[in-house]
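Take a look at the structure set out below.
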Amino acid sequence: MGVLWPLEPATAATHRLYQRYLDAWWPILLQTSRRTGYSRPQVTLLDAFAGPGRYEGGEPGSPVFILDRLLNHTAVDRMNLTPERVHLAFIEKDRARNEHLVSELTGRFGDLSELPVRVEVRRGEAGRDSIAVLSELGDVSLVGLRTPLLAVLGVLSVGLCQHFEGIPEPCMT
């Protein structure tokens, strides 16, 4: 398989579900509670199978639509976005796909370090490198999660959960 490939119908359906979920998830986790005034200090999204950021037909890949859905959300003005508060981590194993992903993200959003959120694109393997990336971001410690985490991991969810003590099953769905 090359750097880009056709978007399969099942993947397109999964992306539609992610988009709808994110449209609800972002404001729930990032807006300050009107009732209590509480605001989560940090929120993280990890896509451990990031891919090249675009499909053969030009459709956006998950990292592109994840960042786009956040930055262009109707409630973005109430989300208090800062690089210290919102972390997006994208991991891709293949070198050419990883490089293409960086190119897609910077081409669409500009210099990633200038965004109102922290975006990290790493080359690595989902199962081996997810915990290390989250640890580097300060989102996990040896005893577990420090912040709310949405992890797009597929079948690796169960294996990753074993690294976190004190999290009720199912850890991630």
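Please treat every number below as a calculation from the coordinates, not as lab data. Worth saying up front: this structure is predicted, and the values here are computed from it rather than measured. Cβ coordinates were reconstructed from backbone atoms using ideal geometry, including for glycine residues, and neighbour counts include every protein chain displayed.
The simple Förster model, with R0 at 22 Å and r as the Cβ-Cβ distance, assigns T106 and L71 a FRET efficiency of 0.95.
With both residues required to sit in the stretch 9-161, DSSP beta bridges show an antiparallel share near 15%. Of interest is the spacing of the C-alpha centroids, which for the stretch 108-139 and the stretch 29-94 amounts to 11 Å.
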